[in-house]
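What follows is a short report on a single structure.
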2 protein chains.
Amino acid sequence: MLMKIELDSPLDMHLHLRDGNMMRLVAPLSARYFSGAVIMPNLVPPVNSLEKLLAYKQRLTEALYSYDFHLYMTLFFQNYTEEELLRARSHIIGIKLYPAGVTTNSANGVANILQAETTLKIMEELAIPLLVHGETHGFVMDREQEFLDIYRDLAIRFPKLKISMEHITTAAALKLLDEFENLYATVTLQHLLITLDDVAGGLLRPHLFCKPIAKRPEDRDALQQAALSGHPKLMFGSDSAPHPVHAKEACGCAAGVFTAPIALPMLAELFERHHALDHLQAFISDNAHRIYGLPRQAKTVSLIRQEMTIPQKYAGFGERVVPMNAKQTISWSYED
Amino acid sequence: MLMKIELDSPLDMHLHLRDGNMMRLVAPLSARYFSGAVIMPNLVPPVNSLEKLLAYKQRLTEALYSYDFHLYMTLFFQNYTEEELLRARSHIIGIKLYPAGVTTNSANGVANILQAETTLKIMEELAIPLLVHGETHGFVMDREQEFLDIYRDLAIRFPKLKISMEHITTAAALKLLDEFENLYATVTLQHLLITLDDVAGGLLRPHLFCKPIAKRPEDRDALQQAALSGHPKLMFGSDSAPHPVHAKEACGCAAGVFTAPIALPMLAELFERHHALDHLQAFISDNAHRIYGLPRQAKTVSLIRQEMTIPQKYAGFGERVVPMNAKQTISWSYED
């Protein structure tokens, strides 16, 4: 029996497409399988002006070839004037805030959020969502949990500001998600599948090393339960973050798991295993469209229940990236 | 002003010297700076008979050249007869038990310990110490703490058995150490210095990856406090565990930190920074001599307060090993 699912307009709500040759390699790998993605602005230097954003979008567009793929652009958070935000508004889906710009710990975080208050207030008025990498600079296993007070503070101070807790990894973050109407969240593929045991419980596995770091089994289980039940405020965001092999299998290995081209079949495998395929469409598309009020693209991606072996690497333009679970066989694949 | 300390008969109470070419490379690196070491039996196949042990000791002796270095040999734990243990007794300092032979969790652990009861009883009668790698197969951050119940059980069932909790990493293990007279412990250099943050808080650092994995800041602080105060039941055991570079900077990185040739100056630096140099002799030698009733070798190792840069690697016999903190400069060095 052939088992097949057609995903309607799948979105990746948190994606790193890099720049230059790495962008040329990975952008089409997302564009082939998703109808759009939220593009993170953490280039060097960061995407922190409309001019930079439009130029980056142009480079991305050229890298996409003929793929039909919507680029939901983001600005890098800093203090912006109302004029700047008015000009940028129609070009962005939100503004991404990184903790270095906010906080070294909870107390400073709040102090710095006060410094950012004017910009956040304008964003609230202009209905520009805030996307946050919510980690303090504390002990690596505690960073997200320590940041929850800052999320709470933001949610209370800016009740009309749409705040997305990006790539959440803990049961505690899920709990907070349900406490405030204006909080939303994305979760990655890897945080639905692995714990710190997979990264460092046996051999150390650099290709599973990411930030926030994978947490405890009870955290992974809570995230799974929320995604598999189609939690209406939880969206898929791969945080797919390619690094060249030499930066991963090295003396100091960069954080980031590359999942974009294999995320959908791996999600299908996970959702099917838990008899939750009914909720995959909500997780991969409907929730995000509703939360952000996005128009639906006329793009479907078909998956079939047929084994696929994940490639050992993706290479091109002089770049080489190893995906999560390279060389492993999974039970779903793309139809094409 | 020249600052110098002379360590009297320093011992490394937990050392992996491997076999073959790696042994030829690393054995002299320990022998040069220590008066003796407890040699772990986890070769492939393990050192689980007197014949294998004597043959291994012979290979080690040949690898030591003319260094004056006492090899305190251990057998790999399994069920042994009284006759076997009587024959082995004068050749070993103890028997090393690995958790795979004991437990997959606390409950099974106790069951399996009952299976091992006869051997443990004979060891108790013959005054052969038990050295234990105390980790369950649970979540990587919990493995040692989960094993504490097994230590407690062993300490109660075999009150005359000398039990060494090897390479402890948690404040909880230290607490248990003080509860039972027949419990002792070793601690490594790296667990006195680092936390999981150093392994995975920034870039992932394979050369700091070891088992048990480095824990939380409060654990590291408790271990430091015990070592720096000269806790009478705590001994230095480096767990120095060389792996070839290709097994460390790899897609799946082997656990083990190589510290033997730089442990003493790094310990001097740590103890001096905390104004605890007075207690270094107890930690590095006196406690172990007293606990195991060892004869004192007439060997001193002199350290001077003079900067030394840790080598990028140690190489020879076709092997190449990267030490902890390679290329970093420390404030103490050997006098030679």
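Numbers below:
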{"item": "The range B:130-162 and the range A:302-336: distance between their alpha carbon centers, rounded to Å", "result": "43"}
{"item": "Approximate spin-label separation B:R296-B:A247, in nm, with each point projected 7 Å along Cα-to-Cβ", "result": "3.8"}
{"item": "Tilt relative to chain B, helix B:50-63 - C-alpha long axis, 0 to 90 degrees, to 10", "result": "10"}
{"item": "Set of aspartates and glutamates with alpha-carbon distance to A:K160 below 15 Å, sequence-local pairs under 8 removed", "result": "A:E117, A:E124, A:E125, A:E179, A:E181"}
{"item": "3J(HN,Hα) from dihedral phi, the range B:83-98, Karplus parametrisation 6.51/-1.76/1.60, rounded to Hz, x for glycine, proline", "result": "5, 4, 6, 4, 5, 7, 3, 6, 9, 10, 9, x, 10, 9, 9, 9"}
{"item": "MRE, 222 nm, helices only [DSSP H, n ≥ 4, -39500 (n - 2.57), over the protein assembly as shown, to nearest 500]", "result": "-10000 deg cm²/dmol"}
{"item": "B:R320 accessible area, assembled protein chains, probe 1.4 Å, Å²", "result": "120"}
{"item": "Spatially proximal aspartates and glutamates relative to B:K327 (Cα-Cα < 17 Å; intrachain offsets below 8 disregarded)", "result": "B:D198, B:E249, B:E269, B:E307"}
{"item": "For chain B, size of Cβ-based charge dipole, Lys and Arg +1, Asp and Glu -1, in debye", "result": "600"}
{"item": "Local electrostatic count at B:G201 - Lys and Arg +1, Asp and Glu -1, tallied over other residues with Cβ under 10 Å", "result": "+1"}
{"item": "Percent RCO, i.e. relative contact order, over chain B, from Cα pairs under 8 Å lying at least 6 residues apart", "result": "20"}
{"item": "Acute angle (nearest 10 degrees) that the helix A:217-228 long axis makes with the longest principal axis of chain A, alpha-carbon atoms", "result": "90"}
{"item": "Within 10 Å of each Cβ in A:201-214, the average number of Cβ atoms from other chains", "result": "5"}
{"item": "Accessible surface buried once B binds A (1.4 Å probe; total of both sides; Å²)", "result": "2300"}
{"item": "DSSP bridge orientation in chain B - percent antiparallel, rounded to nearest 5", "result": "35"}
{"item": "Listed residues A:C251, B:C210 arranged by accessible area, highest first, probe 1.4 Å", "result": "A:C251, B:C210"}
{"item": "28 Å Cα-Cα reach of B:K57 towards lysines, excluding residues that sit fewer than 8 places from it in its own chain", "result": "B:K96, B:K121, B:K162, B:K211, B:K233, B:K248, B:K299, B:K313"}
{"item": "Estimated FRET transfer efficiency (B:T309, A:K327; beta-carbon r; R0 30 Å; 0.05)", "result": "0.15"}
{"item": "Full-extension gain in nm, A:L2 to A:D178, via 0.36 nm per residue minus C-alpha separation", "result": "59.5 nm"}
{"item": "Pairs of Cα atoms farther than 36 Å apart, the protein assembly as shown, %", "result": "47"}
{"item": "Ratio Rg/Rh, restricted to the range A:208-336 and using Cα atoms, in which Rh is the Kirkwood radius", "result": "0.98"}
{"item": "Antiparallel bridges, percent of DSSP beta bridges restricted to the protein assembly as shown (to nearest 5)", "result": "35"}
{"item": "Cα gyration tensor, the range A:259-331 - rounded (a/c under 1.5), prolate or oblate", "result": "oblate"}
{"item": "Neighbour-limited loop hits for GluC sites (Glu not before Pro), the range B:265-314 (at most 16 other Cβ within 10 Å; DSSP other than H, G, I, E, B)", "result": "B:E307"}
{"item": "Rounded accessible area per residue of the range A:198-336, 1.4 Å, Å²", "result": "37"}
{"item": "Radius 14 Å from Cβ of B:F139, net charge of other residues (Lys, Arg +1; Asp, Glu -1)", "result": "-2"}
{"item": "Sulfur and carbon atoms: percent of accessible area, chain B [1.4 Å]", "result": "51"}
{"item": "Shape call, chain B: gyration tensor on alpha carbons, a/c limit 1.5", "result": "rounded"}
{"item": "Among A:D239, A:D286, A:D149, residue whose mean-square fluctuation peaks in a GNM of chain A (springs only between Cα atoms under 10 Å)", "result": "A:D149"}
{"item": "Average other protein chain Cβ within 10 Å of Cβ, residues B:243-254", "result": "4"}
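The values are calculated or read from the model by the stated rules, or taken from the named source; none is laboratory data. The structure presented is a predicted model; accordingly, all values stated were derived computationally and were not measured. Here the Cβ is made from the backbone with ideal geometry for all residues, glycine too, and neighbour counts use every protein chain on show. Areas reflect the complete protein model, heavy atoms only, side chains present, ligands, DNA and RNA absent. Shrake-Rupley method; radii C 1.70, N 1.55, O 1.52, S 1.80 Å.
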